[in-house]
Amino acid sequence: MKANKLSELSIEELESKKKTILNATIGIGSVMVIACCALFYFAITSKNFALIAVAIGSSMTLMPSFISIGQINAEIKSRKSKYL
C-alpha cells in the first residue's frame, strides 16, 4: 500500500489543495447539472428513458472528489485537534 500523502503536507498546503479540489468540483458539478437537465429533456422529448439512467449514473463521477475533500477535512481536523 502506498503511504498517506496527506500526512506529508502542511496545513497551509492542505487548505490550498482543499480549495482547489472544491473549486474544480463546483465547476464540474455545475456543468454536470446542466448536462443532466439536457439529458432529462431529451429523454422526455424523444421517449428514450434510458437517458435518465445515464443522467443519474453520471453523477457518480463526482464521488472521488467528495471522498478526497472528506479525507482532507479529516486530516485538517485531526491536526488541529492535536495542537489544541
**Q.** Condition met for ALA35 (within 19 Å of the chain's Cα centre (by Cα) and more than 16 Å from ASN73 (Cβ to Cβ))
**A.** yes
(Q) Can you pull out every residue in region 1-47 that is free of Cβ contacts under 8 Å to residues at least 12 places away in the same chain, in a helix (DSSP H, G or I), more than 20 Å from MET60 (Cβ to Cβ) and of a type in the set (A, V, I, L, M)? (A) ILE44
Q) Do we find that PHE66 is without any contact (Cβ under 8 Å) to a residue 12 or more places away in the chain, open to solvent by 70 Å² or more (accessible area, probe 1.4 Å) and either in contact with a helix residue (DSSP H, G or I) (Cβ under 8 Å, 6 or more places away or on another chain) or of a type in the set (Lys, Arg) (or both) in this structure? A) no
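Residues checked against (1) among the charged types (D, E, K, R); (2) farther than 15 Å from LEU6 by Cβ; (3) at pLDDT 90 or above:
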position: THR20; (1), (2), (3): no, no, yes
position: ALA35; (1), (2), (3): no, yes, yes
position: PHE40; (1), (2), (3): no, yes, yes
position: LEU62; (1), (2), (3): no, yes, yes
position: GLN71; (1), (2), (3): no, no, yes
position: TYR83; (1), (2), (3): no, yes, no
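For region 69-84, which positions are surrounded by 11 or more Cβ atoms within 10 Å (Cβ to Cβ), free of Cβ contacts under 8 Å to residues at least 12 places away in the same chain and within 18 Å of the chain's Cα centre (by Cα)? Talk me through it step by step, then tell me what you get.
Residues of region 69-84 that are surrounded by 11 or more Cβ atoms within 10 Å (Cβ to Cβ), as a first pass: 69, 71-76, 78-79.
Filter once more, keeping what is free of Cβ contacts under 8 Å to residues at least 12 places away in the same chain: 74, 78.
Once the filter is applied, which keeps residues that are surrounded by 11 or more Cβ atoms within 10 Å (Cβ to Cβ), free of Cβ contacts under 8 Å to residues at least 12 places away in the same chain and within 18 Å of the chain's Cα centre (by Cα), region 69-84 yields only ALA74.
The values are calculated or read from the model by the stated rules, or taken from the named source; none is laboratory data. Because the structure is predicted, anything quoted here is derived from the model rather than measured. Neighbour counts are summed over all protein chains in view; Cβ atoms, including those assigned to glycine, are modelled from backbone coordinates with ideal geometry. The protein model used for the area step is the full one, side chains on, heavy atoms only, and it has no ligands, DNA or RNA in it. Shrake-Rupley method; radii C 1.70, N 1.55, O 1.52, S 1.80 Å.
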